[in-house]
Amino acid sequence: MEREESSHLGRVTVYSIQGCPHCVQAKASLGRLDVPVCDVDMGKHPELRARVKELTGRTTVPQIFFNNIHVGGNDDLQKMSPTELERLVHLVKTEPVPVDAPPVPVESPMEDTAAEPDGDFMCERDELANLVEDFKHGSVIGNHRRGLTVYKKSFSGDQLLDWLQKEKGIAREDAYNTGQALLQKKYMVSVRGSGKQEDSFGETLFRLQEDDPHSALNAGQTAACSPIQAAELSLILRDLILKLFSQHLSDDGKFVDYKGMSANPAFERYCDLAIQLQRVELLSLSREEKLAFFINIYNALVIHGFLRLGAPTNMWQRYKFFNYVSYLIGGEVFTLQDIENGVLRGNRKGIAQLRRPFSKTDPRLQMALPEAEPLIHFALNCGAKGCPPIKTYTPQDIDTQLRTAAEAFLENDDACVVDSGKREVRLSQIFKWYKADFGGTDEKLLNWVLEHMGESPKRSSLLDVLSAGKTKVSYLPYDWTSNSSH
C-alpha cells in the first residue's frame with residue numbers, strides 16, 4: 001500500500017492488483033490531479049475483498065473512491081465529466097476523510113517487504129547435481145547408432161555404471177541404484193525410440209535431461225537445486241514475473257515494454273528459477289494444488305513466451321504460439337495448449353484440434369484433471385475493462401478464487417451483456433469456443449452464467465429474461481489485440 005502524504009485533508013483510495021493494466025491507467029490519471037492517492041493492493045490484502053464488493057457491488061479492480069464517494073472502475077474515471085471531476089478533487093482537498101470512508105489496511109513499515117515472496121528462496125544444491133556435473137565432463141556422452149539412427153549426446157546404462165564404478169569407486173549394485181535415482185529425479189531420460197520395451201537398464205540409451213532436444217523455454221541447463229514444492233515454486237515464479245510485468249507497463253496501461261523487461265536483471269533471476277521446474281514432483285499433487293500450480297505457470301509462461309518470441313499478432317501465429325511455447329515440468333514438456341486443454345480441461349480437444357492433447361500412453365495424462373474445470377477460463381485472462389482481484393492462485397483457496405475470477409469476468413460488458421428488450425444475452429466468444437465445458441447447450445450455458453454472477457442489476461435482468469422463456473444467445477467480438485509496445 002502506498003500513501004502519498006500531503007497537506008490535503010482527504011484521500012483517493014484505489015483498490016488494485018499488480019500487473020493490471022486498468023489499474024495502472026487509473027493511477028496514472030489520478031497522479032495528475034495533485035491529490036493524495038492511497039493504493040491498496042488486493043493481492044496482498046485479500047481480506048478486504050468482501051468489504052470492497054459490499055461497498056461497490058463489483059468484484060473487478062480497480063475500484064476508486066474520492067473520500068467516501070465511489071466513482072467506479074478505470075472506465076468510469078476516464079468517462080467522468082471535467083466538472084464532476086473538479087468537484088470531487090475539491091472535496092478531497094477541503095474535507096477530511098469521513099468515518100465511513102472505504103477501509104485501508106493498517107500496515108507496519110516492515111510488513112510491506114515481508115508480505116511478498118520475491119523468489120529469494122535458498123537453493124539447496126541437490127546431492128546428485130555435482131555428480132551430474134562431473135559426468136558431463138567425463139568422456140562418456142557421445143553419438144550412438146541403433147539401427148539406422150544416430151542418437152547424439154547419448155550414453156548407455158552400462159557406460160554410466162562403468163563410469164560410476166571407475167571414476168567414483170561405487171560398487172556395481174550401488175551404481176545401479178544411483179542410475180535409478182538419476183532417472184527418478186529426472187536428471188536423465190531414456191531416449192525415445194532407441195530401444196525395445198524389454199531392454200535392460202544396461203542396454204538402454206539415455207540422455208541428460210538438458211541434452212534432450214526440445215524447445216522448452218527453461219531447458220538446456222541442469223536444475224541443480226533440491227526439488228522445491230511445486231505449488232510454492234509456481235507462486236514465486238508468478239509473483240516474480242508479475243512484478244517485472246508491472247514495472248514495464250506503460251502509464252496508460254496499454255503497452256508492455258518487453259525489450260526493457262528482458263534486459264532487466266530480475267528476468268534472469270526468473271529464468272534461473274524456471275529451470276527448477278524441470279524436476280518438480282507432480283504426481284503427488286492434489287486437485288487444488290494442480291489447479292493453482294498449472295494456472296500460475298500458464299500465466300507466467302505466456303509472458304515468458306512474449307519475451308522470447310514476441311506477441312502473436314494473427315490467428316496462425318497464435319495457434320503456433322500456444323502449441324509451441326513450453327516449459328519442461330517434472331521431466332515432461334508442456335506447451336500452453338497442453339496445460340490448458342490437456343491438464344486443466346481434463347484432456348479435451350482445444351479449438352481447431354483434431355485430437356486430444358494426450359494419448360492413452362502419454363505419461364502426461366496422469367496430470368490431467370478428471371474432468372474439465374470451466375472456471376479456469378477466467379483465471380487465464382483479464383477482461384478488457386477490469387481484472388479479477390487475484391493475481392496469484394493458492395491451493396488453499398483455489399475454488400473461492402476461481403469463482404471470484406468468473407464473477408469479475410461476467411461483470412465486464414465485454415464478457416456478458418443482457419438485452420431485456422430483445423430477450424437476448426450476448427456472451428464472450430470464450431463461451432462459444434468452450435461451450436462443452438459449460439454444459440454444451442444454450443440452456444445449460446445460461447444457467448451456468450446465472451449461477452456464477454454476483455448479485456447485481458445485470459443478474460436481475462438475466463433472471464427476468466430467462467424466466468420469460470425463449471432466450472437468444474449470441475456472441476460478442478473478441479479483442480485479440482496484444483499489449484506489446486513493439
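Quick notes on this one:
- If R0 equals 35 Å, the separation of the Cβ atoms of residue 396 and residue 139 corresponds to a calculated FRET efficiency of about 0.10.
- Interatomic Cα distance distribution for segment 230-373, bins of 5 angstrom, percent: 2, 9, 19, 22, 19, 15, 10, 4, 1, 0
- Taking a point 7 Å out from the Cα of residue 352 in the direction of its Cβ, the residues of segment 284-328 whose backbone N falls within less than 17 Å of it are 311-325.
- Inter-label distance for residue 474 and residue 460, nm, one decimal - labels placed 7 Å from Cα along Cα-to-Cβ: 2.6
- One chain, two ends: residue 91 and residue 173. Fully extended at 0.36 nm per residue, the span grows by 21.5 nm beyond their Cα-Cα distance.
- Taking the helices alone, the chain has a mean residue ellipticity at 222 nm of -11500 deg cm²/dmol, built from -39,500 (n - 2.57) per DSSP H run of at least 4 residues and averaged over all its residues.
- The chain, relative contact order [Cα under 8 Å, separation at least 6], %: 15
- In this structure, residue 127 and residue 444 have a Cβ-Cβ separation that, at R0 = 45 Å, corresponds to a calculated FRET efficiency of about 0.30.
- Listed by number, the DSSP H helices of the chain that run 30 Å or longer by alpha-carbon position along their axis and have mean Kyte hydropathy of at least -0.5 are 287-309.
- Pairwise FRET efficiency - residue 69 versus residue 271, Cβ, R0 = 41 Å, nearest 0.05: 0.35
- Both the radius of gyration and Dmax for the chain are 26.1, 85 Å, in that order, over alpha-carbon atoms.
- Chain lengthening between residue 255 and residue 435 when straightened (0.36 nm per residue, less Cα-Cα): 61.7 nm
- Compactness of segment 413-475, expressed as Rg and Dmax over alpha-carbon positions, Å: 10.6, 29
- Per-residue extension of 0.36 nm, minus the Cα-Cα distance of residue 283 and residue 162, leaves a gain of 40.4 nm for this segment.
- Where Rh is the Kirkwood radius over Cα pairs, Rg/Rh for segment 2-114: 0.94
- Calculated from backbone phi, Karplus (6.51, -1.76, 1.60) coupling profile of segment 331-341 in Hz, x at Gly/Pro: x, 10, 8, 10, 7, 4, 5, 4, 5, 5, 8
- Estimated distance in nm for a label pair at residue 221 and residue 76, the labels positioned 7 Å out from Cα along Cα-to-Cβ: 4.6
Values in this text are rule-based calculations from the coordinates and carry no lab data. Nothing here was measured: the structure is a model prediction, and the numbers come from that model. Cβ: placed from backbone, ideal geometry, glycine included. Neighbour counts: every protein chain shown.
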